[in-house]
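Undergrad: Next up is a structure, given as structure tokens.
The values are calculated or read from the model by the stated rules, or taken from the named source; none is laboratory data. Just so you know, these numbers come straight off a predicted model, no measurement behind them. Reconstructed Cβ throughout: ideal geometry from the backbone, glycine too, with neighbour counts over all protein chains shown. Only protein heavy atoms, including side chains, enter the accessible area calculation; ligands, DNA and RNA are left aside. Shrake-Rupley method; radii C 1.70, N 1.55, O 1.52, S 1.80 Å.
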Amino acid sequence: MPLHPVIAAVTDRIRTRSAGPRAAYLDRMARAAEDGPARAHLSCGNQAHAYAAMGGDKGALAGGRQPNIGIVTAYNDMLSAHQPYEHYPERIRAAARRAGATAQVAGGVPAMCDGVTQGQPGMELSLFSRDVIALSAGVALSHNCYDAALFLGICDKIVPGLIMAAATFGHIPAVFVPAGPMTSGLPNDEKSKVRQKFATGEVGRTELMAAEMASYHGPGTCTFYGTANTNQMLMEFMGLHLPGASFVNPGTPLREALTEAAVARAAAITALGNDFTPAGEVLDERAFVNGIVGLMATGGSTNLVLHLPAMARAAGILLDLDDFAALSDAVPLMARVYPNGLADVNHFHAAGGLAYMIGHLLDAGLLHEDVRTVAGVGLSRYAREPKLLDGALSWTDGPRHSLNDKVLRPAADPFQPSGGLKQLAGNLGRGVMKVSAVAPERHVIEAPARIFESQDAVKAAFKRGEFTSDCVVVVRFQGPRANGMPELHSLTPTLAVLQDRGLKVALVTDGRMSGASGKVPAAIHVSPEAAAGGPLARLRDGDLVRVDATAGTIDALVPDFGARAPVTADLSANRHGIGRELFEVFRTHAGPAETGGALVV
């Protein structure tokens, strides 16, 4: 199938826009690769330090003729998604030996859980943890002892931060190794209903705790289609996982076989072999377009609209919100996974999963097939699925027909003709809305503004019974420079209750809402942010605001709006406590949300 004209046009304009920085990046990577295996240039003393604790692998490491794989791990056992990584290093070392290679843990990176910090002060470190992860992985790989890297990370900021590091060290191959989703527990919609009942006082904390623990109940990634699982989708669409690796449950024979295969593949694609596949060449403009197409087709997390520009900039590629908007208009929504439907990712995988989606999107000309991936040339490899046949791992053609059309549909008969995200622009700035879970009759909300400067103030007003009429809830001073751009997902139950009471309600914020944002229309990532004097700082209580996801606009319908002076806020409470004092330099120098809200790229 010929490439869809919109996919071709968006790719061409990204390529043109990025010509200068991309050329400079590729030149840096080529010069780094020309130096050859890094260990050959280390002194004997340098190498002795690097190999001192490696036991029986010392000889192979000192010889320098076998690939040495650096493991960058985000393991901790506070994140259910990352707990399975505890024993990966020893398995990887054993698999590397079988593949004629060696492997070392190059270093660890922090991995915070947004589920734990949601609505808490620690959430103000969440976005910036992405840049810390990139820096930490950079420190790990700076020892310059590795011919390839394996990245062990899954969740919200972890994969984007690791991609930023993989691109920075793009002269060596990078293979991402997932651990898989937890098995299905209490259905996500039932958990959401309990949360709403708790918000209204209908149930107590005991009932809420029981529901939450029945939903988040074991090792593996949370099963709703939030940022973590969107990251896993992205790694397949961008060719950085082995095909079909994303949604295989932890602790299964297939999961373990895929991990061993990832090690063997990393060893095979170093500069010491005949299939050299440096990460910088995988991470080109076509890979990022493929990733955005996957984001739209699956109705994925709004957080990736923030992360993808930062990830791309690390590889010399410049993305713009217009690229997301154009691709969203051209790409059909093929999946309904909670919060966009009732299914979880295990149901999605069972219905045909990513192999089904990639196959159909390739057939429709909506993906670049001619890309380099860690599995080889051609994205069609990812329309195949892994199986254990007689104990051996192999890949077979993926399903061509959905096994559950309430969860997964073909591109020719989608749930809706356009993707799950909408760009909004107007006199309030530029932002995005995830519309895939919002009922069409709620795509346009015009109502008076209620202005708040914290999510706690919104919840306090709700408890006082102040929301009795239609309104646009504006939560400002939530951007990167104000307080680190925390997710405001804890507002979801409150706003959902107002909507269920029959009110027309929308959220407008320069903060984030997360991949778990649901049925309430939410204009998020509004930029320029209020702390930088952006338009949200000129709004007043009672101003008429129109949020129009159909037209893609977000405006204050006020005659003198542009002439008003922006207000300032007392942000001193965000400067200290729970580590926030350590991140002042991030708040001071972070870029705008539309370019990724990053400090390091």
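Undergrad: Scanning the range 313-336 for residues that are in contact with an Asp or Glu (Cβ under 8 Å, 6 or more places away or on another chain) and of a type outside the set (G, A, S), which turns out most open to solvent (accessible area, probe 1.4 Å)?
TA: First, the residues of the range 313-336 that are in contact with an Asp or Glu (Cβ under 8 Å, 6 or more places away or on another chain): 315, 317, 320-321.
Within this subset, residues satisfying the condition of being of a type outside the set (G, A, S) are 317, 320-321.
On the way: I317: 1, D320: 44, L321: 14 Å².
Top of the filtered list is D320.
Undergrad: Got a sec? Which of P243, P250 is under 20 Å from S80 (Cβ atoms) and modelled with pLDDT of 95 or more? Don't jump to the end; show me each part of the working.
TA: Working: P243 fails: under 20 Å from S80 (Cβ atoms).
Of P243, P250, the one residue that is under 20 Å from S80 (Cβ atoms) and modelled with pLDDT of 95 or more is P250.
Undergrad: What is the one condition in (1) at pLDDT 95 or above; (2) in contact with a strand residue (DSSP E or B) (Cβ under 6 Å, 6 or more places away or on another chain) that R255 does not satisfy?
TA: Going through (1) at pLDDT 95 or above; (2) in contact with a strand residue (DSSP E or B) (Cβ under 6 Å, 6 or more places away or on another chain) one by one, R255 breaks only (2).
Undergrad: Can you tell me which condition A95 does not meet? The list is (1) open to solvent by less than 30 Å² (accessible area, probe 1.4 Å); (2) within 21 Å of P160 (Cα to Cα), and all the others hold.
TA: Evaluating A95 over (1) open to solvent by less than 30 Å² (accessible area, probe 1.4 Å); (2) within 21 Å of P160 (Cα to Cα) leaves (2) as the failure.
Undergrad: Cβ contacts < 8 Å: first residue without any contact (Cβ under 8 Å) to a residue 24 or more places away in the chain, restricted to the range 571-591; second residue hydrophobic (A, V, I, L, M, F, W, C) and open to solvent by less than 70 Å² (accessible area, probe 1.4 Å), any location; separation 6+ or different chain. Result?
TA: V585/L599; H589/L599
Undergrad: Name the single residue that is least open to solvent (accessible area, probe 1.4 Å) among those in the range 552-565 being touching a residue at least 40 places away in the same chain (Cβ under 8 Å) and assigned to a loop (DSSP other than H, G, I, E, B).
TA: Going through the qualifying residues, I end up with G552.
Undergrad: Answer yes or no as to whether E441 is open to solvent by 40 Å² or more (accessible area, probe 1.4 Å) and not in a strand (DSSP E or B). Let's see the steps before the verdict.
TA: Values: open to solvent by 40 Å² or more (accessible area, probe 1.4 Å): yes; not in a strand (DSSP E or B): yes.
Taking the combined requirement at face value, the residue satisfies it.
Undergrad: If you go through the range 106-128 one residue at a time, do you hit one that is more than 28 Å from I154 (Cα to Cα), out of contact with any Asp or Glu (no Cβ under 7 Å at 6 or more places or on another chain), open to solvent by 70 Å² or more (accessible area, probe 1.4 Å) and assigned to a helix (DSSP H, G or I)?
TA: Here is the first cut: in the range 106-128, the residues more than 28 Å from I154 (Cα to Cα) are none.
Taking every residue of the range 106-128 in turn, none turns out to be more than 28 Å from I154 (Cα to Cα), out of contact with any Asp or Glu (no Cβ under 7 Å at 6 or more places or on another chain), open to solvent by 70 Å² or more (accessible area, probe 1.4 Å) and assigned to a helix (DSSP H, G or I).
Undergrad: Anything in the range 337-382 that is without any contact (Cβ under 8 Å) to a residue 40 or more places away in the chain and open to solvent by 10 Å² or more (accessible area, probe 1.4 Å)? List them, or say none. Break it down stepwise before answering.
TA: Residues of the range 337-382 without any contact (Cβ under 8 Å) to a residue 40 or more places away in the chain: 369, 377-378, 380.
E369, V377, S380, listed by residue number.
Undergrad: Within the range 44-90, track down each residue that is surrounded by 14 or more Cβ atoms within 10 Å (Cβ to Cβ) and of a type in the set (K, R).
TA: Answer for the range 44-90, where residues must be surrounded by 14 or more Cβ atoms within 10 Å (Cβ to Cβ) and of a type in the set (K, R): just K58.
Undergrad: Right, something else. Please name all residue pairs, on different chains or six or more residues apart, with Cβ atoms under 6 Å, provided the first residue is in the range 187-207 and is farther than 15 Å from L498 by Cα and of a type outside the set (F, W, Y) and the second residue is open to solvent by 50 Å² or more (accessible area, probe 1.4 Å) and part of a helix (DSSP H, G or I).
TA: V203/K197
Undergrad: In the range 157-216, which residue that is surrounded by fewer than 21 Cβ atoms within 10 Å (Cβ to Cβ) and of a type in the set (F, W, Y) is modelled with the highest pLDDT?
TA: Step by step, filter the range 157-216, then rank; the result is F198.
Undergrad: Let me ask another. Conditions first: (1) in a loop (DSSP other than H, G, I, E, B); (2) within 18 Å of R501 (Cα to Cα); (3) without any contact (Cβ under 8 Å) to a residue 60 or more places away in the chain. Q478 passes all but one, so which condition is the exception?
TA: (2)
Undergrad: Go through the range 292-322 and count every residue that is β-branched (V, I, T) and touching a strand residue (DSSP E or B) at 6+ places or on another chain (Cβ under 8 Å).
TA: Of the range 292-322, the ones β-branched (V, I, T) are 292-293, 298, 302, 305, 317.
Still in the running and touching a strand residue (DSSP E or B) at 6+ places or on another chain (Cβ under 8 Å): 298, 302, 305.
Residues meeting the conditions: 3.
Undergrad: Among the residues of the range 55-95, how many are modelled with pLDDT of 90 or more and of a type in the set (G, A, S)? Give the derivation first.
TA: At the first step, the residues of the range 55-95 found to be modelled with pLDDT of 90 or more are 66-95.
After this cut, where a residue has to be of a type in the set (G, A, S) as well, the list is 70, 74, 80-81, 94-95.
So the answer is 6.
Undergrad: Kindly provide the set of residues from the range 232-249 that are polar (S, T, N, Q) and touching a Ser or Thr at 6+ places or on another chain (Cβ under 8 Å), ordered by number. Break it down into steps so the answer makes sense when it comes.
TA: If we filter the range 232-249 for residues that are polar (S, T, N, Q), which is where we start, we get 232, 246, 249.
Result: Q232, N249.
Undergrad: Among the residues of the range 292-311, is any open to solvent by 10 Å² or more (accessible area, probe 1.4 Å) and within 30 Å of F128 (Cβ to Cβ)?
TA: No: zero hits.
Undergrad: So is P219 within 17 Å of I92 (Cα to Cα), surrounded by fewer than 24 Cβ atoms within 10 Å (Cβ to Cβ) and in contact with a Gly (Cβ under 8 Å, 6 or more places away or on another chain) or not? Talk me through it step by step, then tell me what you get.
TA: Working: within 17 Å of I92 (Cα to Cα): no; surrounded by fewer than 24 Cβ atoms within 10 Å (Cβ to Cβ): yes; in contact with a Gly (Cβ under 8 Å, 6 or more places away or on another chain): yes.
It is false that P219 is within 17 Å of I92 (Cα to Cα), surrounded by fewer than 24 Cβ atoms within 10 Å (Cβ to Cβ) and in contact with a Gly (Cβ under 8 Å, 6 or more places away or on another chain).
Undergrad: A further question on this structure: Looking at D131, is it in contact (Cβ under 8 Å) with a residue 40 or more places away in the chain, within 30 Å of A257 (Cα to Cα) and outside any strand (DSSP E or B)? It would help to see each step written out before you state the result.
TA: Details: in contact (Cβ under 8 Å) with a residue 40 or more places away in the chain: yes; within 30 Å of A257 (Cα to Cα): no; outside any strand (DSSP E or B): yes.
Against the criterion (in contact (Cβ under 8 Å) with a residue 40 or more places away in the chain, within 30 Å of A257 (Cα to Cα) and outside any strand (DSSP E or B)), D131 does not qualify.
Undergrad: Determine whether the range 547-564 contains at least one residue that is over 28 Å from the mean Cα position of the chain (by Cα) and among the hydroxyl-bearing types (S, T, Y).
TA: Residues of the range 547-564 that are over 28 Å from the mean Cα position of the chain (by Cα), as a first pass: 555-564.
Pick out the ones that are also among the hydroxyl-bearing types (S, T, Y) and you get none.
No.
Undergrad: Looking only at the range 538-549, count every residue that is in contact with a strand residue (DSSP E or B) (Cβ under 6 Å, 6 or more places away or on another chain) and in a loop (DSSP other than H, G, I, E, B) and tell me the total.
TA: So the answer is 5.
Undergrad: Suppose we filter the range 279-291 for residues that are touching a strand residue (DSSP E or B) at 6+ places or on another chain (Cβ under 9 Å), among the hydrophobic types (A, V, I, L, M, F, W, C) and not in a loop (DSSP other than H, G, I, E, B); how many remain?
TA: Qualifying residue count for the region: 3.
Undergrad: Exactly one of these conditions fails for S301: (1) under 30 Å from A99 (Cα atoms); (2) within 17 Å of the chain's Cα centre (by Cα); (3) at pLDDT below 95. Give me its number.
TA: (1)
Undergrad: Inside the range 528-548, can you point out the residues that are under 26 Å from G591 (Cβ atoms), open to solvent by less than 60 Å² (accessible area, probe 1.4 Å) and in contact with a helix residue (DSSP H, G or I) (Cβ under 9 Å, 6 or more places away or on another chain)?
TA: Answer for the range 528-548, where residues must be under 26 Å from G591 (Cβ atoms), open to solvent by less than 60 Å² (accessible area, probe 1.4 Å) and in contact with a helix residue (DSSP H, G or I) (Cβ under 9 Å, 6 or more places away or on another chain): E529, A530, A531, P535, L536, A537, R538, L539.
Here's the yes/no breakdown for (1) over 27 Å from the mean Cα position of the chain (by Cα); (2) assigned to a loop (DSSP other than H, G, I, E, B); (3) touching a residue at least 12 places away in the same chain (Cβ under 8 Å):
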site	(1), (2), (3)
E385	no, no, yes
T396	yes, no, yes
P410	no, yes, yes
L424	no, no, yes
L491	no, no, yes
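Undergrad: Go through the range 574-599 and count every residue that is hydrophobic (A, V, I, L, M, F, W, C), closer than 9 Å to R481 by Cα and surrounded by fewer than 13 Cβ atoms within 10 Å (Cβ to Cβ). Talk me through it step by step, then tell me what you get.
TA: In the first step, residues of the range 574-599 are kept if they are hydrophobic (A, V, I, L, M, F, W, C); the result is 578, 582-583, 585-586, 590, 593, 598-599.
The next check asks that each one be closer than 9 Å to R481 by Cα; those that pass are 586, 590.
So of that shortlist, the ones also surrounded by fewer than 13 Cβ atoms within 10 Å (Cβ to Cβ) come out as none.
Summing the residues that are hydrophobic (A, V, I, L, M, F, W, C), closer than 9 Å to R481 by Cα and surrounded by fewer than 13 Cβ atoms within 10 Å (Cβ to Cβ) in the range 574-599 gives 0.
Undergrad: Taking the conditions exactly as written (hydroxyl-bearing (S, T, Y) and more than 22 Å from K157 (Cα to Cα)), does S572 satisfy them or not? It would help to see each step written out before you state the result.
TA: Numbers: hydroxyl-bearing (S, T, Y): yes; more than 22 Å from K157 (Cα to Cα): yes.
In short, yes.
Undergrad: Quick one: in the range 413-438, of everything that is buried (at least 23 other Cβ atoms within 10 Å of the Cβ) and more than 28 Å from A537 (Cα to Cα), which residue is modelled with the highest pLDDT?
TA: By that ranking, first place goes to G419.
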